[in-house]
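What follows is a short report on a single structure.
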Amino acid sequence: MPPLPLSDRSGRTTDSPITFFIQKALETPGLISLAAGLVDEGSLPTADVAAAVAAIMADPAAGRAALQYGSTQGLPSLREKVLRHVCAADGVTPGDIGLSPDDVVLTTGSQQLLYLLGEALFDPGDIVLAEAPSYFVYHGVLQSHGVRVVPVPMDDGGLDVAALDAKLADLKRRGELGRVKLVYTVDYFQNPTGLTLAADRRPKLVEVVKKYSTEHRILILEDAAYRELRYTGPDLPSVKRFDPTNEFVAYASTFSKPLSPGLKLGYALLPSDLVAPVLHLKGNHDFGSANLAQHVVDRLLASGAFDRHVEELRRVYRAKRDAMLAALDAEFGDVPGASWTVPGGGLYVWLTLPPGVDAGPAGPLVPAALEAGVLYVPGEFGHVPGEGGELPRNECRLSFGVADAAGVREGVRRLRAAYRTLERAGARGLAAV
Ligand SMILES: Cc1ncc(COP(=O)(O)O)c(C=O)c1O
């Protein structure tokens with residue numbers, strides 16, 4: 001049979017590496033998944049959503065409006081509320097940061113915005129600077145667009161902005177600055193590390209990007225997917241907050257994490273001249289995200305149910321995060337060279353095992369963990385190879401999103417048991433410990 005004439009883009013696009021892991025979790029009864037990025041099942045807002053849908057449908061005009069097509073950009077009243085929500089968190093008015101509801105786009109999850117922005121900005125061979133490690137699904141998007149990822153190191157304060165400056169200077173020296181389109185940061189409780197961009201780095205990040213925007217504007221994509229899931233410490237101002245002329249920062253977020261991924265509703269605050277290109281592309285994709293979901297979320301924001309739900313989620317996840325941190329102390333406290341992040345929010349803890357341990361998808365820890373009945377995401381998936389081709393293999397992303405507190409504790413215990421089998425066997429990789 002003659003081959004299908006697939007596009008270059010299709011050839012560049014592969015299945016997410018995590019699919020194998022999700023499949024494993026589904027196939028293995030009794031497995032505790034610290035891998036899935038799903039949200040807590042028990043706290044999904046069934047009653048709130050039922051009440052909102054009932055209220056919409058009780059009014060025939062409102063019901064018909066919600067069941068009809070909406071607009072590509074999204075429900076105006078929800079765009080206004082979204083803008084107010086972000087500005088309230090930042091302690092500014094929309095005018096302070098050059099924004100109006102016309103600069104807000106509602107999307108089918110924030111994932112759609114990540115993709116659309118790529119379609120609007122990238123040609124194959126363009127460059128994106130991203131945190132190392134970073135949200136691995138976005139790496140897939142970049143690969144699909146044919147973009148080269150330049151990794152920027154992180155430390156306890158998130159993206160190392162001085163290192164970003166140095167990388168940009170280096171790209172400039174090599175004559176590659178013209179290919180640099182975007183800096184990507186998940187700046188609140190990052191997926192996968194749980195790290196947050198420090199307050200003093202936020203204005204600096206905008207300054208650095210401005211400094212190198214000589215040939216064209218380099219954008220920052222601020223992916224704030226986990227901002228509302230905050231368990232300790234104050235809410236930090238967004239990076240967008242330091243872009244008063246609304247030129248350099250695209251702010252993307254979602255109702256998936258603080259409300260329900262089943263609603264699959266995201267939103268973006270965009271530089272005004274980016275709105276039309278994104279909407280033209282979104283028109284090709286779906287000419288508007290699910291209208292009923294927008295009406296439901298609009299009601300939940302108006303009634304205060306959203307804010308109450310976020311408070312409840314904070315309580316639930318804080319307890320699960322604490323359970324994971326206590327379990328890591330108890331189980332991995334005696335492993336020399338092991339360390340983990342202490343996230344102030346989000347769904348993830350990043351466990352670093354001693355150098356030389358291979359926790360990657362082809363290493364010995366994954367099968368040992370499966371044998372012990374626990375699944376994690378190999379940290380390797382969050383990295384792109386460095387300049388020397390090296391890829392850290394001794395890291396694990398542990399999520400406390402799905403399992404309950406007892407499950408989280410048991411999952412960490414099983415992971416330690418798996419690690420112990422490697423220690424005993426002196427397995428490949430542990431020799432260097
Ligand atoms: C950092 C980050 N950005 C974006 C998304 C996309 O989520 P959604 O499309 O459901 O809004 C996710 C989902 O896990 C994420 O972790």
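Label 7 Å along Cα→Cβ of Ala55; the stretch 298-327 residues with amide nitrogen under 12 Å?
298-307, by backbone N distance to the label point.
Work out how much length Ala330 to Ala362 would gain on full extension: take 0.36 nm times their residue separation and subtract the Cα-Cα distance, in nm to one decimal.
8.8 nm
Send over a whole-number figure in Å² for the accessible area per residue of the stretch 347-433, probe 1.4 Å.
On a per-residue basis, the stretch 347-433 sits at 38 Å².
Only four residue types carry charge here, +1 at the Cβ of Lys and Arg and -1 at the Cβ of Asp and Glu. Report the dipole size of the chain about the Cα centre in Debye, rounded to the nearest 20.
So the dipole magnitude of the chain works out to roughly 240 debye.
Mind checking the per residue accessible area of the stretch 214-303 for me, 1.4 Å probe, whole number of Å²?
Roughly 33 Å² per residue, with all protein chains present.
First compute the accessible area of the stretch 35-149 with a 1.4 Å probe, then give the percent of it belonging to carbon and sulfur atoms.
59 percent
Wrap a convex hull around the Cα atoms of the chain, take a quarter of its surface area, and give that in square nanometres.
Mean projected area for the chain: 23.0 nm², to one decimal.
Based on Cβ point charges of +1 for Lys and Arg and -1 for Asp and Glu, what charge dipole magnitude is obtained for the stretch 53-170 about its Cα centre, in debye rounded to the nearest 20?
Roughly 600 debye, rounded to the nearest 20.
By Kyte-Doolittle mean hydropathy of at least 1.0 and Cα axial length of at least 27 Å, which whole DSSP H helices of the chain are selected?
Both cut-offs are met by no helix.
For Lys210, list the aspartates and glutamates whose Cα falls under 13 Å from its own Cα; do not include residues on the same chain fewer than 8 positions away.
Cross-link targets: Asp165, Asp243, Glu247.
Rounded to the nearest 500, what is the 222 nm mean residue ellipticity of the chain from helices alone, with -39500 (n - 2.57) per DSSP H run of 4+ residues and division by all residues?
-13000 deg cm²/dmol
Suppose R0 equals 25 Å. What FRET efficiency, 1/(1 + (r/R0)^6) with r the Cβ-Cβ distance, do Ser10 and Tyr69 give to the nearest 0.05?
Plugging the Cβ-Cβ distance into 1/(1 + (r/R0)^6) gives 0.30.
How large a share of the accessible area of the stretch 249-322, in percent, is made up of carbon and sulfur atoms when the probe is 1.4 Å and the other protein chains stay in place?
54 percent
What distance in nm separates the two pseudo spin-label positions at Ala169 and Glu80, each 7 Å out from Cα along the beta-carbon direction?
Going from the Ala169 label point to the Glu80 one covers 4.9 nm.
Which of the lysines could a cross-linker bridge to Lys257, judged by Cα under 19 Å and excluding same-chain residues fewer than eight apart?
Candidates past the 8-residue exclusion: Lys81, Lys320.
What FRET efficiency do you get for Ser272 and Asp155 if R0 is 41 Å and r is their Cβ-Cβ distance, rounded to the nearest 0.05?
0.75
Write out the GluC sites (Glu not before Pro) in the stretch 1-82 meeting two conditions: DSSP loop, and at most 13 other Cβ atoms within 10 Å of their Cβ.
Glu41
Take the alpha carbon gyration tensor of the stretch 297-392, find the square roots of its eigenvalues, order them as a ≥ b ≥ c, and report rounded if a/c is under 1.5; if not, report prolate when a/b exceeds b/c, else oblate.
Cα axes put the stretch 297-392 in the prolate bin.
At Ser43 and Glu371, where each label point lies 7 Å from the Cα along Cα→Cβ, what is the point-to-point distance in nanometres?
Spacing of the two 7 Å Cα→Cβ label points: 3.6 nm.
Between Val316 and Ala302, what is the label-to-label distance in nm when each label sits 7 Å out along the Cα-to-Cβ direction?
Result for the modelled spin labels: 2.5 nm.
Which value in Å is the Kirkwood Rh of the stretch 47-305 over different Cα pairs?
18.8 Å
The values are calculated or read from the model by the stated rules, or taken from the named source; none is laboratory data. Since this is a predicted model, take the numbers as computed values, not measurements. Virtual Cβ from ideal backbone geometry, glycine too; neighbours counted across all protein chains shown. Please note that ligands, DNA and RNA were not included when accessible areas were found on the heavy atoms of the full protein model with its side chains. Shrake-Rupley method; radii C 1.70, N 1.55, O 1.52, S 1.80 Å.
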